[in-house]
């Protein structure tokens with residue numbers, strides 16, 4: 001008897017669930033997992049937040065490439081766009097880092113290499129217009145530290161970059177001297193320095209030279225790409 005009542009109640013329950021929409025009942029059809037659908041929604045929002053829309057280039061992309069901190073992960077501290085440099089004058093209207101495409105690609109590869117070690121690069125100077133080089137020569141006409149504008153700087157050809165090492169947070173590693181320090185302590189062959197400093201300099205030099213960016217004796221921060229031919233240039237970049 002109890003089994004009959006149980007079957008009857010079960011049948012009534014399923015009949016009520018099968019009522020048509022016209023009877024005012026809400027019919028729920030489990031077609032999707034609401035938790036998965038919610039997860040997908042949040043994932044789409046996160047992906048949109050991570051996408052960065054960059055403006056169209058305002059320069060000749062066949063001749064130049066711009067290093068952007070937001071896309072390349074390279075920290076940018078262009079000293080000549082501030083008074084924090086050996087001239088104590090602002091020489092660039094705004095801090096934008098341009099290089100010849102081949103040099104820019106080598107720099108990005110070096111950055112990727114260092115990133116795997118938990119390190120990175122910070123850029124102090126990139127392409128330097130010829131008229132800025134002339135101003136520097138007027139202040140310090142010493143070919144050991146400033147290229148004579150008549151022969152020209154590799155910076156003014158877009159073939160040189162000044163860099164240092166950073167940790168994963170962008171903090172500069174100890175390189176023994178500051179950028180643009182004019183003295184023997186900044187020379188790459190000066191060895192009277194603590195071991196960690198010498199190790200940092202060696203790592204920077206080896207990494208850059210692995211990608212064709214060759215250092216010089218008098219400045220641990222300066223690297224240029226040889227074997228390329230570009231003229232001296234006075235291209236001026238726009239500022240926001």
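Data table
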{"read-out": "Distance in nm between pseudo-label sites at residue 192 and residue 131 (7 Å out along the Cβ direction from Cα)", "value": "4.3"}
{"read-out": "Point-to-point label distance, residue 151-residue 217, nm (Cα→Cβ direction, 7 Å offset)", "value": "1.3"}
{"read-out": "Protection-proxy order for peptides 124-134, 110-120, each taking the mean of Cβ atoms within 10 Å per residue, highest first", "value": "124-134, 110-120"}
{"read-out": "In Å, descending, principal axis extents of the Cα set of the stretch 145-240", "value": "40, 31, 25"}
{"read-out": "Compactness index (Cα Rg / 2.2 N^0.38 Å), the stretch 89-157", "value": "1.32"}
{"read-out": "Label-point gap, in nm, between residue 138 and residue 58 - each point 7 angstrom along Cα→Cβ", "value": "2.6"}
{"read-out": "Projected-area average for the stretch 65-225 over all orientations - Cα convex hull basis, square nanometres", "value": "8.7"}
{"read-out": "Computed lengthening from residue 93 to residue 112, 0.36 nm per intervening residue step minus Cα-Cα distance", "value": "3.9 nm"}
{"read-out": "Within the stretch 70-86: backbone nitrogen closer than 16 Å to the residue 199 label point (7 Å, Cα to C-beta)", "value": "none"}
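Every read-out reported here was derived from the displayed coordinates using simple, explicitly stated rules and does not represent laboratory data. All of these numbers come straight from a predicted model, not from anything done at the bench. Here the Cβ is made from the backbone with ideal geometry for all residues, glycine too, and neighbour counts use every protein chain on show.
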